[in-house]
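Written below as C-alpha cells is the structure these notes are about.
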Amino acid sequence: MGFLSDALSRVAPSATVAISQKARVLAQEGRDIIALSAGEPDFNTPENVRDAAKRAMDEGQTRYTNVDGIIELKQAVAAKFKRDNGLDVTAADCFVSSGGKQIIFNALMATLNPGDEVVVPVPYWVSYPEIVRLCGAEPVFAVADATTGFKLSPEVLERAISPKTKWLLLNTPSNPTGAAYTAEELRGLADVLLRHPHVHILTDDIYEVLVYDGKTFATIAQVEPALQARTLTMNGVSKSHAMTGWRIGYCTGPKPLLAAMTKLQGQSTTNPSSISQWAAVEALNGPQEFLSEWRAVFQKRRDMVVAGLNANTGLDCLTPEGAFYVFPSCARLLGKTSAGGTVLKTDEDFVMALLDETGVALVHGSAFGLAGHFRLSYAASDEQLADAVSRIQTFCAGIK
Ligand code: PLP
C-alpha cells in the first residue's frame, strides 16, 4: 500500500494546466509566446464590485459566514434565477460555494457511490470525468461531435442512460466548443429525461451571459419545469463578471440535495470567502449594462478568429453560439509533416509542434475527449488574436 490514496490514482492531471505550464517555461526562456490555452476573461472585475469588497473589509465582514452563504447573497442569487431564468425560487433554494467547480464537486461527492454512472457529453470540460472518477463512479461518454454542432442529441442521450445513471451533466454554452443549446434542443433532451425519473440533471450555466448574435440563453429547468425538482442549476460570477480569482459559484436545486452539500461543505471549506460573497452581492444586484459591451467585444473576436482559421488553412471551424472558445478540426492535416519536420500523427502532436514552431499555445481536443480537434480561447486582446491567427495560418501553410 502506497502513501497516496486509491481515489487520487483514478484522477488524471489537467492537460490545460500542463500546456499553460509549458508555455510559461518557453516564455521564461525568452520565447515570444501567445497563450490562448486558458479559460478566463481578460477584463478586470468591474469597479463597483471591487469597491463593494473594500467596503466589506472596512465594515468588518471578515468572519466566518453561514456554510451555504450569507442571506444577502442567497437572496441576490434567487433574484437572479427569477429575473434571468424564470425559475420560481427563494433564498432557501439557493447555495453558494468557492467557485462553480466546488458546486459540482459537492453535488457529485454528496450523491455518487461506486458503480453509479454519470452521463457526460463529449467533448467535455476536463474536470467532469475526473470528479466523477474521484467519487468512485463511472463517466458514461455520450458523443456530441461536430455533426450535431457539438450538442447532445435526444437519441444519443437515450442510449447512454441505464438503470445505474444518477446524473446527466450538461454545459451550455460549452467549454470547450462554445455550443449553446436552444430552448427547442433542450426540449428534446427534456422529453427523454421525463421518461427516466431516476436521472438528476446538473446544468453548468457558467457561460450564460456569453451568447452571441442576439440569441437567447435557455436552461433546462426553465424549459421543462417538471424537471426542476431533480435539476441542479449551477452558475457563478467567475466568467460573467471577470471574477475567476474571487471564487464564488452558486446554484439552485432540490432542498435535500442542498442540505447534503451543506453538510459536506461544512466539513471541508466551511464557507466561501466573506469578502468575495459581498462582492458577488454587488455583482448580481448592481448594474449589468457592461455585459453587452463585453459580449460585443467577444463576438467580434470570435468572428475574426473563425474567419482566419477557415481561410484556406486545412482547418474546419464551426461558428460557436457562445462562451469564448472555438473548437476547430485539424483532422485533414494529420498524418502530414510540419515545416519544422514533426510528423503530425495526433492533435496533441499538432498543438505541441505549433507551440514549438510558432509560440502559440492551444489545447488538443483529446484532452476534452474528442481527438482531431483543438481548443482556442479568444479571451485575449485583438492584437494577440490577430498575431496568433496569422502564425497558425503560416504553420498550416508549411504543412506538407
Ligand atoms: N464550468 C466550466 C464549464 C468552466 O469552464 C469552468 C472554468 O473554467 C468552471 C466550471 C469553473 O468555474 P469556477 O472558476 O467558478 O470554479
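The values are calculated or read from the model by the stated rules, or taken from the named source; none is laboratory data. Since this is a predicted model, take the numbers as computed values, not measurements. Ideal geometry is used to build each Cβ from the backbone, glycine not excepted, and the neighbour counts take in all protein chains shown.
Some values worked out for this structure:
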quantity	calculated
Single unsatisfied condition, Pro256 versus (1) assigned to a helix (DSSP H, G or I); (2) within 26 Å of Ala183 (Cβ to Cβ)	(2)
Which listed residue is in contact with an Asp or Glu (Cβ under 9 Å, 6 or more places away or on another chain) and either charged (D, E, K, R) or under 30 Å from Asn271 (Cα atoms) (or both), from Ile131, Ile104, Ile161	Ile104
Unique match (being at pLDDT 95 or above, closer than 30 Å to Ala183 by Cβ, more than 16 Å from the ligand (Cβ to nearest atom) and basic (Lys, Arg)) among Arg63, Arg83	Arg83
Of all residues making up region 334-351, the number that are assigned to a loop (DSSP other than H, G, I, E, B) and within 17 Å of Ile19 (Cα to Cα)	1
Any hit, region 8-25, residues being among the β-branched types (Val, Ile, Thr), touching a helix residue (DSSP H, G or I) at 6+ places or on another chain (Cβ under 6 Å) and under 30 Å from Glu138 (Cβ atoms)	yes
Boolean, Arg295 is under 30 Å from Asp382 (Cα atoms), in the same structural domain as Thr219 (by TED's automatic domain parsing) and among the charged types (D, E, K, R)	no
Region 109-118, residues that are within 16 Å of the ligand (Cβ to nearest atom) and surrounded by fewer than 24 Cβ atoms within 10 Å (Cβ to Cβ)	Met109
Subset of region 169-187 [closer than 15 Å to Thr231 by Cβ and either within 15 Å of the ligand (Cβ to nearest atom) or in contact (Cβ under 8 Å) with a residue 60 or more places away in the chain (or both)]	Leu169, Leu170, Asn171, Thr172, Tyr181
From Leu354, Leu370, residue being outside any loop (DSSP other than H, G, I, E, B) and touching a strand residue (DSSP E or B) at 6+ places or on another chain (Cβ under 6 Å)	Leu354
Residue that is within 30 Å of Ala367 (Cβ to Cβ), more than 16 Å from the ligand (Cβ to nearest atom), assigned to a helix (DSSP H, G or I) and not hydrophobic (A, V, I, L, M, F, W, C), where the choices are Arg55, Arg133	Arg133
Whichever residue in region 188-247 is within 29 Å of Arg50 (Cβ to Cβ) and part of a helix (DSSP H, G or I) and, among such residues, is nearest to the ligand (Cβ to nearest atom)	Ser238
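Conditions (1) part of a loop (DSSP other than H, G, I, E, B); (2) under 24 Å from the mean Cα position of the chain (by Cα); (3) over 23 Å from Gln222 (Cα atoms), marked per residue:
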| residue | (1), (2), (3) |
| --- | --- |
| Tyr64 | yes, no, yes |
| Asp68 | yes, yes, yes |
| Glu72 | no, no, yes |
| Phe95 | no, yes, no |
| Lys101 | no, yes, no |
| Ala107 | no, yes, no |
| Leu112 | yes, yes, yes |
